[in-house]
Amino acid sequence: MNNAIQIENLALELNGTPILRGVSFSVTEGEYVSIIGPNGAGKTTLLRCLLGMYPHKGSAKIGGTECRSYDSRALARQVSYVPQTHDIEFPLTVYDFVMMGRYPYLSALSPAQKRDDDAVERALQITGTAQFRSRTLRTLSGGERQKVYIAAALAQETPVMLFDEPATFLDWRHQTEVMTLLKKINVECGATILAVNHDLNSAAHWSDRIIALKDGRTLFTGTPQELIQPAPLEELFETAFVRKETLTPASEQ
Amino acid sequence: MKTKFTILTLLALATLLVFPMIGSTDVLHDPMGREILMKLRIPRVLTAFLAGIALSASGMIFQALFRNPLATPDTLGVSGGAALGAVIWMRFGAPLLFAGVAGASIAGFFGALVTVLLVYGLARVKSGFSSTTLLLAGVAVNLFFSSLILLMQYLSDPGETFRMIRWLMGGFSVVGFTTPIHLAVFTTIGLIIASLLTREMNLLLTGEELAGARGVNVDRTKKMLFFSASLMTGAAVAFCGPIAFVGLMVPHICRQFIGSDHRKLFPAVILFGGAFLVVCDGLARTLLAPVEMPAGLITALLGGPFFLWLLLRKV
């Protein structure tokens, strides 16, 4: 299997502050990998580096090529992204929004072709958002909107997909739906997935492997079974994981 | 959608044909009618039409760039910057180099460009371009530039001062085709650049991060849009004075009927923006006839309440 993503000694300073200090890991084609870590560990920054947004040191390759050596449209045909925050002040319809995923395939003067309409239709079907197509984004609930954002990334038809906390701020039902959708995209569409996830349980449940970041470094890479142990977790979050059995009930004090 | 564009095109053509006929002199029967029509009325209507296009298109571009429906040449202080540039040119530059309109519009362009970059920088320091930061930055910049313009007036002789004040009210009292032709050149360049970037403007509405992830070259796109909008605002302000609120009202009204897709919104804003300012100027000429009000007065009277309504409706 080839590496879809390969990161070696990735380092980045923003305004003189080091954010990433040497991150190394790789993701093979078709894998589903989650990034976990405390706030400020550099998780989102890492995803942005893979989108070629920062002049990083070290190397970050997508599909075997350094991501910053692609031109912007060519990179967008390799990797798509679903960001964490959504704030759009303007009334965009779901269909128009998902069609924006086709931008890397369209030139300034050519209108959308049939294959673009087909890709949008497919993305709407997979994410179950086809019935919202003529509604505006603002009229959707948080969970529905997140699925539309995923549909737009799917319409980009990229081998690699990046997600920044795809299920945070959603209720339990929508969390489950969104995480199931990611797994479906991973298995049925064959997309390689790298997702930042704040929820340890969900990361452990859904991913093939987990990468733990701390202070801009890779602290741990391995399977969920290897990570979900007191020792690595205590090192990662710097807090003791108290178990119920070690506590003395009030009646016995 | 086709019907809407047919109506808009007819409206634009109708204003261009009808409004040259309107005024205190009946151009069809007066012996001087032909002269008045060719030297005054038609150039005036054309100037208003072009300035309407330039200001409305700039407003639409700024709204996409700042991802904020309240971003306009006026609220961002860009018109103020363009006015300051043009006033400095009128006071100091004009006698030195090629006098006349082109110099003032180039000075207006630089005033506009410097201002928009300044406000963009200010709004960016506080993350996310919130309406509050943006509007406050715009207010501060506007006040600062107004005092500099006052200083320029103070330093000028009474004749110059009067001309500046009259120009600052905004109007289209032109003679002959020199002004509309110059304005057309600047506006066309700005429009061509923006017309190639309508899809990019759509993507900018979703945020720079996401636009970049979809393959938009964000830095280059922003530079070209800043250039285009500054060129059009600068020229319109230099030729006609800072006509307030057109850049706010026209894109907003068009968005209500056409939607936010810039590939459709942009042509609608061009057609409606031109027609809108011709009508405002027509009202300015006829409401208190034979006294002619500056068109900027009409747009400000309409725009102030409109802006407040927009602000309150958003909450």
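Descriptive notes on the structure:
- Residue within the stretch B:258-271 that is among the aliphatic types (A, V, I, L, M) and surrounded by fewer than 21 Cβ atoms within 10 Å (Cβ to Cβ) present: no
- Being on the phi < 0 side of the Ramachandran plot, within 12 Å of chain A (Cβ to nearest Cβ) and in contact (Cβ under 8 Å) with a residue 24 or more places away in the chain holds for only one residue in B:Thr198, B:Thr206, B:Thr233, B:Thr178, and it is B:Thr198.
- Screening the stretch A:120-141 for residues that are of a type in the set (A, V, I, L, M, F, W, C) and part of a helix (DSSP H, G or I) and picking the one that is nearest to the other protein chains (Cβ to nearest Cβ) gives A:Leu137.
- Of the residues screened, A:Gln146 is not one that is within 30 Å of B:His252 (Cβ to Cβ), of a type outside the set (Val, Ile, Thr), within 14 Å of another protein chain (Cβ to nearest Cβ) and in contact with a strand residue (DSSP E or B) (Cβ under 6 Å, 6 or more places away or on another chain).
- Of the helices (runs of 4 or more DSSP H) lying entirely inside the stretch B:1-70, the ones with 2 or more residues being surrounded by 22 or more Cβ atoms within 10 Å (Cβ to Cβ) are found at B:42-66.
- Qualifying residue in the stretch A:86-109 (condition: farther than 30 Å from A:Gly142 by Cβ, charged (D, E, K, R) and in the same structural domain as A:Arg138 (by TED's automatic domain parsing)): no
- Pairs meeting the criteria (first residue in the stretch B:257-269 and closer than 16 Å to B:Ser228 by Cα and at pLDDT 90 or above, second residue hydroxyl-bearing (Ser, Thr, Tyr) and part of a helix (DSSP H, G or I), beta carbons under 6 Å, at least 6 apart or on different chains) are B:His262/B:Thr198; B:Phe266/B:Thr198; B:Val269/B:Ser56.
- Elements of type helices (runs of 4 or more DSSP H) contained in the stretch A:1-119, each with 2 or more residues being more than 9 Å from chain B (Cβ to nearest Cβ): A:43-50, A:94-99
- Residue within the stretch B:102-124 that is surrounded by fewer than 17 Cβ atoms within 10 Å (Cβ to Cβ), part of a loop (DSSP other than H, G, I, E, B) and at pLDDT below 85 present: no
- Residues (crowded, with 24+ Cβ neighbours inside 10 Å and within 10 Å of A:Gly216 (Cα to Cα)) located in the stretch A:11-40: A:Leu20, A:Val23, A:Gly37
- Of the candidates A:Ala203, A:Ala195, the single residue that is out of contact with any Phe, Trp or Tyr (no Cβ under 9 Å at 6 or more places or on another chain), surrounded by 22 or more Cβ atoms within 10 Å (Cβ to Cβ) and in the same structural domain as A:Glu234 (by TED's automatic domain parsing) is A:Ala203.
- Filtered by the rule that a residue be more than 19 Å from B:Ala51 (Cα to Cα) and either under 15 Å from the mean Cα position of the chain (by Cα) or assigned to a loop (DSSP other than H, G, I, E, B) (or both), the stretch B:291-315 gives B:Val291, B:Val315.
- Yes/no for B:Leu183 being in a helix (DSSP H, G or I), within 14 Å of another protein chain (Cβ to nearest Cβ) and either at pLDDT 85 or above or out of contact with any helix residue (DSSP H, G or I) (no Cβ under 9 Å at 6 or more places or on another chain) (or both): no
The values are calculated or read from the model by the stated rules, or taken from the named source; none is laboratory data. On a predicted model such as this, the values are computed, not experimentally measured, just so you know. Note that we place each Cβ from the backbone using ideal geometry, even for glycine, and neighbour counts take in every protein chain shown.
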